[in-house]
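Here is the structure we will look at.
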Amino acid sequence: MLVLIKKKVDNKFIFKCILLLFLLIQSNFFLNIYTLIKHPFKDRMIANYGYCNNQGYGFIDQFKTKYNLSNNSKIINKNDFPSSYWFIDQFGEIKDYEYIIHIDSNELISNENILEQNFNCYIIKND
Amino acid sequence: MIEFYNVIISSFMIFLLFSGNLIFFKDHNINIFKKIIFSIIIFLNIFLVFSFLKNGMIILFYSIIVIIFINLFNFVKNIKNFYFLYFILFNSVIFAQITIEPILGWDGQAIWYPKAYNYFSGGSFDNLNEFTRSDYPHLGSYVWAFFWKYSLLKYEYVGRYVQIFIYLSSLFLIISYNKNSIIRNIVIIYFLFYISYDLDLFRGYQEYLIFSLINVYVVLHYEDKDQSFLFFYTLLIINIIIWVKNEGIIYIIPIIVLFIFRQKKIFNKINFYFLAACLIILVFRIYMSAQLNGTFSFQGNSFTLSNTIRESLDFSTIGTDLLLIIKHFIITYFKYPAWTLLFIFLIFPNREVKSKKLYKDTLYVFVFSLLINIFIFHIQDSAILEWQLSTAVDRLNFMLSGYFIYFIYRNINKYFSQS
């Protein structure tokens, strides 16, 4: 039995396994799989695009369906980031928008039409 | 957990589609990576054709399902090959990195994602003019949208896996032609990977597609002996590159010149047919872009004929422009180690490599890359040149480094053999 195992598990096989393991461990593959299972897609998107900071993915996604923000909104983010319109499947500014979304606003906004406010992000109904 | 299964199924869809195609090859002794590359080239052209058809994606999907089932048995057979197994795992490792940080870069969000979304949401080629930068080609976005749409959970990052697959296939193709030991080949793969890997460029950008396809051509040019075979694949590669990015139209020039000068006599029938075919491909590209946008423009208004002539003859700013351009080029050459190694091997080439045609060709292509990029930036408006250089030159140089990966490999391999 031992002879059989020794024949199959020769040096070349062991070396190939080492090469494979080196690739998997060095690239944090197992950690990445754990992260993928533990943290759902939305959490990972918020970690990268921000909730109410950066591009405000978390805030926009939270109310996207409730107010049907797609092709209906103007997003104002004065920070230097790409436009967040694609989060709501809108690819540019439109003239007749129903909602104004402020992301990471520097000033305190007080408006009777504020529908939602989290930290310094707002959804305001356009008059 | 379901997202984990989504990743596995989507990955296997790509592996099965492109790996171990029996339907294109009669000769089962062709090396696996050559088969994979040829499958990629043929399928990308098929994707291009279907991208012009309304409802093209659904027809393509059903055809691909059939092909995947045909390939299943051969894929399982290929797993016994260590290099193929390693290749699959290498892909999975990089797929995992994209999955963990499913973010898009600036151009990815602003330019390429909208095109992909167009196809994802059932749009067609004609709808592309409703999105920003409709003068940019769409093939990369179409392929992205296809694999995004037909994944389990429809997350966009899955569509970007195919770029990683094509990139790694082009690297594994390089070592597939040699008879080195496994250790040496794996070390060379790692080396080539580390000098050419930039995770940011998988964030919705298209540069890796052009880099990989140029790399594939160069490998086939020097390693493949079948002339008629190379004729068709060169045309197919050119056809893909010009539909990935506008810069592809310029960056295929070395491919055309390399092919022409590959013949013993330059003025012969093969070269005539080749140039005629290239012209037809280019005319089709320009025609379809004009159909979409009303007119053909190369990168918006920056490169109109009148603008190009006026700016290229304006020597008042050439001094300051050159200084800025060279500064940013030097930054790029250190950012991407492939360029640093290229300089080292151009100055200190291996003796055997220096005596071959490869060295001269590489030198000429390098001079071309330098001059063409200097020209591209010289004809830009000097007021915004610094900004343009800081945002674009590294990616342009990255695409061109596809011409030099094989040259770097040959030098490394020879130094290994001699030591």
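The values are calculated or read from the model by the stated rules, or taken from the named source; none is laboratory data. Predicted model, so just to flag it, every value in this text is computed and none were measured. Here the Cβ positions follow ideal geometry from the backbone for every residue, glycine too, while neighbour counts run over all protein chains shown. Heads up: the accessible areas ignore ligands, DNA and RNA and are worked out on the full protein's heavy atoms, side chains in. Shrake-Rupley method; radii C 1.70, N 1.55, O 1.52, S 1.80 Å.
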> Ordering B:T320, A:T65, A:T35 by how much accessible area each has at a 1.4 Å probe, largest first, what is the list?
Replying inline: A:T65, B:T320, A:T35
> Label-point separation (nm) for B:I182 and B:K264, each offset 7 Å from Cα along Cα-to-Cβ?
Replying inline: 4.3 nm
> Quick one: which of A:K42/A:K66; A:K38/A:K74; B:K80/B:K154; A:K42/A:K125 span more than 24 angstrom between C-alpha atoms?
Replying inline: A:K38/A:K74; B:K80/B:K154; A:K42/A:K125
> Once amide H atoms are built 1.01 Å from N in the peptide plane, which residues 5 or more positions from B:Y205, or in another chain, come under 5 Å H to H?
Replying inline: B:G105
> Net charge near B:N293, counting Lys/Arg +1 and Asp/Glu -1 over other residues with Cβ under 12 Å of its Cβ?
Replying inline: -2
> Which whole-number percent is the relative contact order of chain B (Cα, under 8 Å, 6+ apart)?
Replying inline: 18 percent
>> Against the 2.2 N^0.38 Å scaling, with N counting residues, where does the protein assembly as shown land? I'd like the Cα-based Rg ratio to two decimal places.
In response: 1.03
>> For peptide B:97-104, what's the mean number of Cβ atoms from other chains within 10 Å of each residue's Cβ?
In response: 6
>> If I model a spin label as a point 7 Å beyond the Cα along the Cα-Cβ vector, how far apart are those points for B:D126 and B:Y273 in nm?
In response: 3.7 nm
>> Can you list, by residue number, the Cys in chain A that have no neighbouring cysteine C-beta under 4.7 Å?
In response: A:C17
>> What distance in nm lies between label points placed 7 Å from Cα along the C-beta direction at B:D224 and B:S355?
In response: 2.8 nm
> Taking the highest mean first, how do the peptides B:389-401, B:354-366 order by number of other beta carbon atoms within 10 angstrom per residue?
Replying inline: B:389-401, B:354-366
>> Can you give me the long-range amide H partners of A:K74? Hydrogens built in the peptide plane at 1.01 Å from N, cutoff under 5 Å, separation of 5 or more residues or another chain.
In response: A:Y99, A:I100, A:I101
> Counting every Cα pair in chain B, what percent are over 32 Å apart?
Replying inline: 35 percent
> Counting partner chain Cβ atoms within 10 Å of every residue's Cβ in B:61-69, what's the average?
Replying inline: 0
> For chain A, what relative contact order do you get, as a whole percent, if you take Cα pairs closer than 8 Å and at least 6 residues apart?
Replying inline: 18 percent
> Per-residue HN-Hα couplings for segment B:140-148, Karplus 6.51 cos²θ - 1.76 cosθ + 1.60 at θ = phi - 60°, whole Hz, x for Gly and Pro?
Replying inline: x, 5, 5, 5, 4, 5, 4, 6, 6
> What dipole magnitude, in Debye to the nearest 20, does chain A give about its Cα centre under +1 on Lys/Arg Cβ and -1 on Asp/Glu Cβ?
Replying inline: 1400 debye
> What is the local net charge at B:L282, summed over the other residues whose Cβ is closer than 15 Å to its Cβ (Lys, Arg +1; Asp, Glu -1)?
Replying inline: +1
>> As a test of the formula, what do you get for chain B when each DSSP H run with n ≥ 4 contributes -39,500 (n - 2.57) and the sum is divided by the residue count, at 222 nm and rounded to the nearest 500 deg cm²/dmol?
In response: -23000 deg cm²/dmol
> Considering only B:H138, B:S355, B:F90, whose Cα is most displaced toward the positive end of the charge dipole of chain B, charges sitting on Cβ of Lys, Arg (+1) and Asp, Glu (-1)?
Replying inline: B:S355
> For B:F61 and A:N28, what is the calculated FRET efficiency with R₀ set at 45 Å and r taken between the beta-carbons, to the nearest 0.05?
Replying inline: 0.85
> Antiparallel DSSP bridges in the protein assembly as shown: what percent, to the nearest 5?
Replying inline: 65 percent
> Where a ≥ b ≥ c are the square roots of the eigenvalues of the C-alpha gyration tensor, would you call segment B:157-289 rounded, which needs a/c under 1.5, or, failing that, prolate if a/b is larger than b/c, or oblate?
Replying inline: oblate
> Taking the Cβ of A:I94 as the center, what net charge do the other residues with Cβ under 14 Å away carry, scoring Lys and Arg +1 and Asp and Glu -1?
Replying inline: -3
> Where a ≥ b ≥ c are the square roots of the eigenvalues of the C-alpha gyration tensor, would you call segment B:55-170 rounded, which needs a/c under 1.5, or, failing that, prolate if a/b is larger than b/c, or oblate?
Replying inline: oblate
> Using alpha carbon centroids, what distance separates segment B:84-143 and segment B:360-419, in Å?
Replying inline: 25 Å
> Gap in Å between the Cα centre of segment A:53-70 and the Cα centre of segment B:251-286?
Replying inline: 51 Å
> What shape does segment B:167-235 have by the C-alpha gyration tensor, where a ≥ b ≥ c are the square roots of the eigenvalues, rounded means a/c under 1.5, and otherwise prolate means a/b greater than b/c and oblate the rest?
Replying inline: oblate
> Based on Cβ point charges of +1 for Lys and Arg and -1 for Asp and Glu, what charge dipole magnitude is obtained for the protein assembly as shown about its Cα centre, in debye rounded to the nearest 20?
Replying inline: 3060 debye
>> Inside 10 Å of the C-beta atoms of B:4-12, what's the mean count of C-beta atoms belonging to other chains?
In response: 1
> In whole Hz, what ³J(HN,Hα) sequence does segment B:161-166 give by Karplus (6.51, -1.76, 1.60; θ = phi - 60°), x for Gly and Pro?
Replying inline: 4, 5, 5, 5, 4, 5
>> Output wanted: per-residue J couplings in Hz (rounded whole) for segment B:307-314, from phi through Karplus 6.51 cos²θ - 1.76 cosθ + 1.60, θ = phi - 60°, x for Gly and Pro.
In response: 5, 4, 5, 4, 5, 6, 8, 8
